[in-house]
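Each remark here refers to the structure printed beneath this line.
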Amino acid sequence: MKQRPRIYYSETDKALMWDRWQKGDSLHKIADLFDRSHSSIAGILSRTGGIRPPQRKRSRIALTVPRQH
């Protein structure tokens, strides 16, 4: 069996995974969408214990350029 190249899931892909998981789809069904095995999906969903993590956002302060005097 030939090893497949590594896939890096985009945030959109991960959101789709979480949506399908919350609707009750199995790991096998979700993995079929990406033409992967269920173990590649399980790793993403199990990192947070099967609970969707909150959407990441940055603080306004982190995005500002410090003023120079």
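Nothing in this text is a laboratory measurement; each read-out follows from the coordinates by a stated rule. From a predicted model like this one, the values you see are computed outputs, not experimental measurements. Cβ: placed from backbone, ideal geometry, glycine included. Neighbour counts: every protein chain shown.
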>> I need a count of the residues in the stretch 10-45 that are within 13 Å of the chain's Cα centre (by Cα), surrounded by 10 or more Cβ atoms within 10 Å (Cβ to Cβ) and assigned to a helix (DSSP H, G or I).
In response: 16
> In this structure, is residue 52 out of contact with any strand residue (DSSP E or B) (no Cβ under 6 Å at 6 or more places or on another chain), basic (Lys, Arg) and either surrounded by fewer than 14 Cβ atoms within 10 Å (Cβ to Cβ) or part of a helix (DSSP H, G or I) (or both)?
Replying inline: no
>> Just to be sure before I move on: is residue 61 without any contact (Cβ under 8 Å) to a residue 40 or more places away in the chain, within 14 Å of the chain's Cα centre (by Cα) and on the phi < 0 side of the Ramachandran plot in the structure I sent?
In response: no
